[in-house]
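Below: the structure, in structure tokens.
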Amino acid sequence: MPIMKLAVIKTGGKQYVVTPGTKLKVEKLPETKGGEVIFDQVLLTDDGKETKVGKPLIEGAKVTAKRLADDRHEKVVIVKYKNKTRYRVKRGHRQPFTEVEITGGF
């Protein structure tokens, strides 16, 4: 049975379960040189033999990723309407994101 490396990271106010090779769309990250991203807020790691759980974070643990793209999600349309008052508002929003691929560093 192959050993599966696993980690739970926190970024952008959300938590993600990641393994090497996982592609994620996370909240937009600041630009970095070299296209490498380091997630240092690691909540849990599992290497198949030992599971480490942070309280709340694991000290010294890092997960590395490769930045693939910066883009925006599909448009979300917001429509507000109030009956009998001639109030109609239509707005749209596109949330920016960064797509990354987990490379390792468990």
Average accessible area per residue (Å²) across the chain - probe 1.4 Å, nucleic acids and ligands excluded
75
Does the chain come out rounded, prolate or oblate by the C-alpha gyration tensor, with a ≥ b ≥ c the root eigenvalues, rounded set by a/c under 1.5 and, if not, prolate when a/b is larger than b/c and oblate if not?
prolate
Given a 1.4 Å probe and every protein chain left where it sits, what share in percent of the accessible area of the chain is carbon and sulfur?
50
Using a basic spin-label model with each label point 7 Å from the Cα along Cα→Cβ, how many nm lie between residue 50 and residue 28?
4.1
Excluding residues fewer than 8 positions from residue 28 in its own chain, the lysines with Cα under 18 Å of it are 10, 14, 66, 75
Taking all protein chains together and a probe of 1.4 Å, list 88, 72 from the most accessible to the least accessible.
88, 72
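Given R₀ = 25 Å, FRET efficiency for residue 93-residue 69 by Cβ-Cβ distance, to 0.05? Let's see the in-between values first.
Working: r = 20 Å, r/R0 = 0.78.
Efficiency computed from Cβ-Cβ geometry: 0.80.
If DNA, RNA and ligands are ignored and the probe is 1.4 Å, what is the ranking of 16, 87, 81 by accessible area, most exposed first?
Numbers: 16 40, 87 90, 81 135 Å².
If we order 16, 87, 81 from most to least accessible, we get 81, 87, 16.
The values are calculated or read from the model by the stated rules, or taken from the named source; none is laboratory data. These figures come from a predicted structure and were not determined experimentally. Note: ideal-geometry Cβ built from the backbone for every residue, glycine included; neighbour counts use all protein chains shown. In case anyone asks, the SASA skips ligands and DNA or RNA and just uses the protein heavy atoms, side chains included. Shrake-Rupley method; radii C 1.70, N 1.55, O 1.52, S 1.80 Å.
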